[in-house]
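The values are calculated or read from the model by the stated rules, or taken from the named source; none is laboratory data. Here the structure is a predicted model, which is why all the values come from computation and not from measurement. Glycine also receives a Cβ, built like all others from the backbone with ideal geometry; neighbour counts cover every protein chain displayed.
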Amino acid sequence: MNIMSAVLAESDTLPPVTGFYQYVVAANGLFIRAADSRIEACASVAGAGGLPGLVEVEPFAQLKVPRLSDRFLIAVLDSARRHLPNEAMYQFEYLGGHWSCSMPHGKASPTALTFADNPQAVVDLHSHGSLGAFFSSVDDGDEQGLRFYVVIGKVDTAEPEILCRAGVYGWHVEVPVTTVFDGLGPFTDVFGRADEAEPVEEDGDDVDNSAAAVEEGVDYTESGLAVVKWGLDHG
Ligand SMILES: [Zn+2]
């Protein structure tokens, strides 16, 4: 199988993705799409103004397996609050018909995370602690897989925020959180929020790792998430 392929969007129904990922040339620009057994997504790479002979393509992303229960979000918020002022990382895996959540082994500070990636993860979720939910330039650099990426913020307040996007090997498409979870739990989805003031950027390079807040050795047994092993109850 070739790593990549390309197709012209000549009708509204595109053929199945071949290769690891596929470029789609559409009337409205260039897209990249990919799929595995759990996720399917198509993200815009570059816009164009009406290429003749082709149809338009809309970016999209969806799970090919049942969505996650929003009870996970309650547990994640609870855990993220325990890790304040630090950020925190959670990964969701779909195995044997069930979702499970774990915190990867790693290191966290108030502005940065390093962790041992679970390559089977379908959804990555990280906490920005007391900052808002947005995708920083650091997140853009980190989030390079075919996966859903979720960020939560303002977790120290009564109105925590959440934002979700799908990644297609470095290209991203923001989607409502309910694309991935069956509810918002305690969060407000900031999908589509107008670009107000530029959010404060995370900057991993400036992290003061001598700060007392740096945590090491968070692992799969992190208290609280051990109970996050619910099966799906979609009837
Ligand atoms: Zn981030």
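Of everything listed in (1) surrounded by 12 or more Cβ atoms within 10 Å (Cβ to Cβ); (2) in contact with a Gly (Cβ under 9 Å, 6 or more places away or on another chain), the single unmet condition for E40 is (2).
In summary, V45 fulfils each of the numbered conditions (1) part of a loop (DSSP other than H, G, I, E, B); (2) farther than 26 Å from F181 by Cβ with the single exception of condition (1). For L84, indicate whether it is surrounded by fewer than 20 Cβ atoms within 10 Å (Cβ to Cβ) and modelled with pLDDT of 95 or more. No.
Looking at (1) at pLDDT 95 or above; (2) within 24 Å of D78 (Cα to Cα); (3) within 14 Å of the chain's Cα centre (by Cα), find the lone condition where D117 falls short. Status for D117: all satisfied but (1). Listed by position, the strands (runs of 3 or more DSSP E) enclosed by segment 97-173 that each have at least 2 residues that are within 15 Å of the ligand (Cβ to nearest atom) and surrounded by 21 or more Cβ atoms within 10 Å (Cβ to Cβ) are 123-127, 146-153, 161-168.
When you scan segment 124-143, do you find a residue that is touching a residue at least 60 places away in the same chain (Cβ under 8 Å), under 17 Å from C101 (Cα atoms) and not aromatic (F, W, Y), even just one? Walk me through it before giving the result.
At the first step, the residues of segment 124-143 found to be touching a residue at least 60 places away in the same chain (Cβ under 8 Å) are 128, 131-132, 134, 136-139.
Going one step further and asking which of them are under 17 Å from C101 (Cα atoms), we end up with none.
No, the conditions are met nowhere in segment 124-143.
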